[in-house]
C-alpha cells in the first residue's frame, strides 16, 4: 500500500482493449486502498465489470479493432493506422472533457491513449504513462530501422487532431514526469529504456469479472497447460489450435490442456482438452505447469510471476520481442505461430514441462517481479508524483 498522504485525484485514460485494462485496474486498487480518489475515461462496457457501479466513469463508447494477419513492420503500421490513431480520434473529446470536469491532480494514460496525455499537457497537469507492451519500450529497430521516425510522425498526427501546435520536446507515448514499465530487466535484458522509465514488474490485482471455471473437470493426476492467443487474435488461431491439439495428443496420458477459444474454433476437442471462451487466468496460474501463448506481455508476465515456463508463438507487434526476452531469460521457448508442425510443438511443450531449467528461469523472472513491487510500487510512484505536483 502507498504511504498515506493527503488525498490525490487520479484520472486513468484507457483504450477498449481488455488485456490493457487489468494492470491499470490493479494500480487503481492500490491507490484507492491508500485513500486516494480514482476516476476513469474509457468504455463503459469493459470498465464497469472491473471498477464497479460506484466508480466515477467518463464513458468513451467503444471502437472495435480487429487486426489483420499482417506481421513484422506491416503489423506495426496496421496497429497505428487501424487502431491507435482512430481510437484517439474517437476518445479525444471525452478525454478532454473528463480532465476539465474532474480536475485530477495526475492523469494516468495508457501508452496508446495519447489523447489523455495531450489533454493533461494542454492544461499543464502532470501525467504518467503506463506501458502494457514492449513495442514502444524496446522498439524493433533491427526489423524496422525507421520505426522511431515513423512512429513520431504518427504521434504528430494526434497533435494535429486537436489543432494544438506540436511540441517536439514532448513524446506523447512517454510522459516526461513518469513512465511505468510493467516488467523488469530480468526479462528486458540490457535494452535502453525511455527517460524517466521505472520498471515495477506486472501489476496484478483483483479481477471482479473473472469467469467461473469447470473445476469438476480438472484432473489432479495430470499436468496442466493453458493455451491462449488472447482476445484480439482469436480469429487467426483456428489452424494453430488444430496443430496444438494434435501436438498434445502424444502427451494426453499425462497432460490436461485448457484452451481458450470461442465457439466453433475447436470442434470436437479430444478428452484431454478443455475448451472455454474465457478462464480465470490468475486462479489457474498457480496450478499450471506451462503456458502456450502468442506473446502478449500481460499473459506471459502473469505466468512468469507464478514461475510458469512459456512456449511463445508470436504473431505480431511486440510479440516477437517478448518471445526473444523469454528465450533469453531461459524461461521458455519460441515456436512459429504460422508454421510450427505438431511434432515441433510437442517437442517445445515437452521441453518446458520436463527440463527443470525452464521452470528455474521462469522463477528467476518471477522473483524479480516480486522485488520490483508490482501494482503497489506503481501506485507509490504515482502518489509521489501527485505529492510533488502539489508542492508536498
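On the given criteria, is residue 124 within 17 Å of residue 159 (Cα to Cα) and touching a residue at least 60 places away in the same chain (Cβ under 8 Å)? Criteria not met by residue 124.
Among residues of the range 290-301 being out of contact with any helix residue (DSSP H, G or I) (no Cβ under 6 Å at 6 or more places or on another chain) and assigned to a helix (DSSP H, G or I), the one that is farthest from residue 200 (Cα to Cα) is 299.
Residue 183 meets all of the listed conditions (1) in the same structural domain as residue 277 (by TED's automatic domain parsing); (2) part of a loop (DSSP other than H, G, I, E, B); (3) touching a strand residue (DSSP E or B) at 6+ places or on another chain (Cβ under 8 Å) but one, namely (1).
For the range 351-376, residues that are in contact (Cβ under 8 Å) with a residue 24 or more places away in the chain and in contact with a strand residue (DSSP E or B) (Cβ under 8 Å, 6 or more places away or on another chain) total 6.
When residue 104 is tested against (1) under 30 Å from residue 187 (Cα atoms); (2) touching a residue at least 24 places away in the same chain (Cβ under 8 Å), just one condition goes unmet, and that condition is (1). Of note, residue 227 does not satisfy the criterion of being modelled with pLDDT of 95 or more, outside any loop (DSSP other than H, G, I, E, B), touching a helix residue (DSSP H, G or I) at 6+ places or on another chain (Cβ under 9 Å) and closer than 20 Å to residue 374 by Cβ. Residues in the range 316-334 that are surrounded by fewer than 24 Cβ atoms within 10 Å (Cβ to Cβ) and either touching a helix residue (DSSP H, G or I) at 6+ places or on another chain (Cβ under 8 Å) or assigned by TED's automatic domain parsing to the domain that holds residue 132 (or both): 4 in all.
Out of 74, 115, I need the residue that is out of contact with any helix residue (DSSP H, G or I) (no Cβ under 9 Å at 6 or more places or on another chain), more than 27 Å from residue 184 (Cβ to Cβ) and either surrounded by fewer than 24 Cβ atoms within 10 Å (Cβ to Cβ) or touching a residue at least 60 places away in the same chain (Cβ under 8 Å) (or both). Which one? Of 74, 115, the one residue that is out of contact with any helix residue (DSSP H, G or I) (no Cβ under 9 Å at 6 or more places or on another chain), more than 27 Å from residue 184 (Cβ to Cβ) and either surrounded by fewer than 24 Cβ atoms within 10 Å (Cβ to Cβ) or touching a residue at least 60 places away in the same chain (Cβ under 8 Å) (or both) is 74. Evaluate the following for residue 94: is it over 18 Å from residue 168 (Cα atoms), at pLDDT 90 or above and crowded, with 23+ Cβ neighbours inside 10 Å? For residue 94, the condition - over 18 Å from residue 168 (Cα atoms), at pLDDT 90 or above and crowded, with 23+ Cβ neighbours inside 10 Å - is not met.
In the range 236-267, what residues are out of contact with any strand residue (DSSP E or B) (no Cβ under 7 Å at 6 or more places or on another chain) and either under 16 Å from residue 341 (Cβ atoms) or at pLDDT 90 or above (or both)? Scanning the range 236-267 gives 239, 240, 242, 243, 246, 247, 249, 250, 251, 252, 253.
Hey, does the range 242-254 have a residue that's over 30 Å from residue 48 (Cβ atoms) and within 23 Å of the chain's Cα centre (by Cα)? There is no residue in the range 242-254 that is over 30 Å from residue 48 (Cβ atoms) and within 23 Å of the chain's Cα centre (by Cα).
Scan the range 300-318 for residues that are over 17 Å from residue 185 (Cα atoms) and modelled with pLDDT under 95 and the total you get is 4.
The values are calculated or read from the model by the stated rules, or taken from the named source; none is laboratory data. These figures come from a predicted structure and were not determined experimentally. All Cβ positions, even for glycine, are placed from backbone atoms using ideal geometry, and neighbour counts span all protein chains on display.
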